[in-house]
Amino acid sequence: MQATASVVLTDAQATEVVAALHHPDLPLRVRDRLEMVKGIALGFDLETIGAWSGRSSRTVRRWLAAFQTGGVSALTDAPRSGRPRRADATYLTALEAAVDTDPRTLGQPFDVWTSARLSAYLAETTGTRIAPGWLRVLLHRQDFANGRPKHTVAHLQDPGEVAACVERLGVVGEKGADQSGALRTPL
């Protein structure tokens with residue numbers, strides 16, 4: 001059992017803190033608070049913990065008291081006020097499914113998604129309207145690449161003529177067979 005400035009941690013509490021610190025998805029603010037508690041378990045005083053955590057001794061004492069009354073769960077942030085998220089988990093799942101699917105297979109009259117088209121499609125299917133600009137932010141957060149499509153006319157070309165042109169270019173060479181690198185002179 002470690003004691004510092006009237007804060008007492010049992011061995012079970014110290015083990016709980018160390019176990020919680022090993023979670024990779026732990027929010028940064030909770031991790032900082034757990035580090036403060038771990039500092040007490042290691043025998044540091046409040047001023048030292050405040051110095052290396054960048055917090056005042058009063059703040060460190062407040063989070064230590066919260067830990068003693070409620071454990072690790074007492075160190076999490078309270079729910080924030082405000083409007084709930086529009087792009088919830090079901091919307092993000094629908095977004096990912098739509099982006100990974102060819103628009104024509106979904107009955108759309110185009111073959112390339114734009115943010116405006118995708119926003120309109122998701123508004124129809126999910127009932128949640130999100131602006132195309134914000135949709136691009138969501139796509140970026142999901143690590144989807146977005147940008148202008150690169151259109152080609154390769155599908156309009158005759159394969160036989162393309163092969164004949166490639167063969168002629170191979171025979172003539174890059175600069176032309178008859179020039180042999182000589183400079184041109186004006187007449």
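I'd like to verify a number: residues in the stretch 113-146 that are under 13 Å from VAL99 (Cβ atoms) and either surrounded by fewer than 12 Cβ atoms within 10 Å (Cβ to Cβ) or among the hydrophobic types (A, V, I, L, M, F, W, C) (or both), how many?
Number satisfying all stated conditions: 12.
Show me the helices (runs of 4 or more DSSP H) found entirely inside the stretch 1-117 where at least 2 residues are in the same structural domain as PRO132 (by TED's automatic domain parsing).
Counting at least 2 such residues, we get 89-99.
Out of THR59, THR76, I need the residue that is closer than 25 Å to VAL8 by Cβ, hydroxyl-bearing (Ser, Thr, Tyr) and crowded, with 16+ Cβ neighbours inside 10 Å. Which one?
THR59
Please verify whether THR105 is surrounded by fewer than 10 Cβ atoms within 10 Å (Cβ to Cβ), of a type in the set (Val, Ile, Thr) and at pLDDT 90 or above, treating the condition exactly as stated.
Considered against the rule, which asks whether it is surrounded by fewer than 10 Cβ atoms within 10 Å (Cβ to Cβ), of a type in the set (Val, Ile, Thr) and at pLDDT 90 or above, THR105 comes out as yes.
Yes/no matrix, rows are residues, columns are (1) modelled with pLDDT of 85 or more; (2) touching a Leu at 6+ places or on another chain (Cβ under 7 Å); (3) under 30 Å from TYR121 (Cα atoms):
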| site | (1), (2), (3) |
| --- | --- |
| VAL7 | no, yes, no |
| GLN13 | no, no, no |
| PRO27 | yes, no, no |
| GLU47 | yes, no, no |
| ARG61 | yes, yes, no |
| LEU64 | yes, no, no |
| LEU75 | yes, yes, no |
| PRO79 | no, no, no |
| ALA98 | yes, yes, yes |
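Just give me the residues in the stretch 128-144 being in a helix (DSSP H, G or I) and aromatic (Phe, Trp, Tyr), in sequence order.
Of everything in the stretch 128-144, just one residue is in a helix (DSSP H, G or I) and aromatic (Phe, Trp, Tyr), namely TRP134.
In contact (Cβ under 8 Å) with a residue 12 or more places away in the chain and among the basic types (Lys, Arg): which single residue out of ARG61, ARG85 fits that description?
ARG61
The values are calculated or read from the model by the stated rules, or taken from the named source; none is laboratory data. Since the model is a prediction, treat every value here as computed from it, not as a measurement. Ideal geometry is used to build each Cβ from the backbone, glycine not excepted, and the neighbour counts take in all protein chains shown.
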